[in-house]
Amino acid sequence: MSSVIRAVKVFETLSDVDCAELARFMRIRQYQPGTTVFERGKPGDTMLIVADGALSVVMPGPRRRNIEVARVGVGEVVGETSCIDPAPRNATMIAAVRTTTYELGRKELKRMHREAPRVATTLVGAIIRSVTMRLRRVDERIERELAGHLAARLPELRQTLRSSTRSTSAGTSSARTAFCRVPPLAGSAAGSKRPDTWTAMLARLRGSA
């Protein structure tokens with residue numbers, strides 16, 4: 001068991017002694033093909049190392065049929081964050097073939113903290129580093145996709161901006177034209193003695209019309 005643990009990338013910082021000590025707290029779990037290992041939404045507090053076989057990560061598809069979105073092979077770990085912070089599973093996992101795994105639960109991790117605190121601390125640190133790197137990769141992927149989306153929409157955004165600018169300019173020009181056509185007030189240079197439009201309006205407002 002310790003040789004399989006030693007080959008897991010997540011635990012590459014653990015020494016041979018640490019891996020042998022970790023193996024002491026793990027249990028062997030075997031699954032027949034088609035057996036549900038994790039169910040999405042159900043609480044979980046264990047992590048698994050695939051020692052033999054493969055696990056299929058599935059999501060619900062049309063007509064209630066599962067669609068495989070990923071596959072976990074030998075030497076890979078699943079559910080490591082649940083071992084530290086129990087939470088509902090975010091995906092359903094099914095044994096793709098006859099599969100053997102090594103399981104570590106939160107209960108065993110607590111016992112490890114009491115009986116082998118240095119190994120427990122090293123293990124938790126390795127898991128946190130693994131999760132941090134995974135989140136960083138997700139962030140980088142999101143940034144790339146956003147950049148590509150914005151680049152694809154740039155011509156459309158430029159055209160919208162030009163159209164908006166033309167509409168604003170046309171509105172300003174119309175307003176200027178309308179302002180220039182306002183009738184002159186009484187007593188202006190036109191010299192008219194009859195009340196103009198503005199005078200009549202003011203008279204109505206004052207109630208004298």
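With a Förster radius of 41 Å applied to the beta-carbon distance between ARG106 and ALA152, the computed FRET efficiency rounds to 0.35. Among the GluC sites (Glu not before Pro) within the range 39-103, those in coil by DSSP and having at most 16 neighbouring Cβ atoms inside 10 Å are GLU39, GLU76. Loop-resident trypsin sites (Lys or Arg not before Pro) (DSSP state other than H, G, I, E or B) in the range 34-114 with no more than 16 further Cβ atoms inside 10 Å of their Cβ: ARG40, ARG65, ARG98. Our note on the geometry: Cα centres of the range 112-147 and the range 35-88, 18 Å apart.
With R₀ set to 35 Å, the beta-carbon distance separating ARG29 from LEU135 gives a calculated FRET efficiency near 0.80.
Computed from the coordinates by the stated procedures, all read-outs in this text should not be read as laboratory data. Bear in mind that the values here come from a model prediction, so they are computed numbers and not experimental data. A quick note on method: Cβ atoms are made from the backbone with ideal geometry, for glycine too, and the neighbour counts reach across all protein chains shown.
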